[in-house]
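Notes for the one structure printed next.
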Amino acid sequence: APMVGPPAPVQNAQVAAMAAKQEALVKAAYFMALSRPRDEQEATTNILRDAHIAEFATDKSAVYTLPVGKEHPQELGIRAAELCVRHWRNLWIEDNVLGEDEDAAFIQNWAIDLENGNTFTRQARIPLRVYSKSPEFDDQIVEEKTNRAGERTYLIRPSPERRRMLIMAESAKLKREVILDHMPFDLKVSLKAAILDTRKTAAKADPEGTR
């Protein structure tokens, strides 16, 4: 029978090499963190400065509106989190697919402060059987139903590309959360206020361009 994939010794060597490379990267990151510790006041100043850049603040992923309730609360998004990482520095961020079956994928993100070891971890289960009114041509249709409005809906397993996009989108949410977990509360409040204030200023200057 033909061999599928590399033999076990080769696989083991590849895994060991990847682990050694990862360990070297982490050690180098720790060394850089010790040699260049963050100045929290400087980082805060730089974050709030960049929050007043209209191009950044008007990005929908800087602050997004939650589609819940009458008040429509607003939260810092992934772009705001990435801004924080850039200036806060010395955070090691990882994401990993823990497992996947026909029904769901399980992912984990974590962020380690390389200066003090504080670590925040988030996990999520991503359903891989979802309902859709208009499946794509390469989705796998598991079941067809007609809802109360008389519309046909489909229970599908997403195509490999759509599944990858679902995992990436959920991973971005977890990344946002583990990064912001490291940020001081008052910084997050000030950052959101600065972004929203900049949006208002940009809207007044160019009402058409900020819609």
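Quick look at the numbers
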| read-out | value |
| --- | --- |
| Only listed residue being surrounded by 13 or more Cβ atoms within 10 Å (Cβ to Cβ), over 19 Å from Y64 (Cα atoms), over 18 Å from the mean Cα position of the chain (by Cα) and not polar (S, T, N, Q), chosen from R148, R157, R199 | R157 |
| Residue satisfying all of: in region 110-153; touching a helix residue (DSSP H, G or I) at 6+ places or on another chain (Cβ under 7 Å) and hydrophobic (A, V, I, L, M, F, W, C); modelled with the lowest pLDDT among these | L128 |
| Selected residue [assigned to a strand (DSSP E or B) and of a type outside the set (A, V, I, L, M, F, W, C)] from E143, E170, E136, E177 | E143 |
| Any strands (runs of 3 or more DSSP E) falling wholly within region 23-130 and containing at least 3 residues that are open to solvent by 20 Å² or more (accessible area, probe 1.4 Å) | 91-100, 104-113, 119-127 |
| Among residues of region 160-195, those that are polar (S, T, N, Q) and over 20 Å from the mean Cα position of the chain (by Cα), counted | 1 |
| Flag if V97 is under 15 Å from K173 (Cβ atoms) and touching a Gly at 6+ places or on another chain (Cβ under 9 Å) | no |
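The values are calculated or read from the model by the stated rules, or taken from the named source; none is laboratory data. As the structure is a computational prediction, the values presented were derived from the model and not from experiment. A quick note on method: Cβ atoms are made from the backbone with ideal geometry, for glycine too, and the neighbour counts reach across all protein chains shown. Remember, those area values only see protein heavy atoms, side chains included, never the ligands or the DNA or RNA. Shrake-Rupley method; radii C 1.70, N 1.55, O 1.52, S 1.80 Å.
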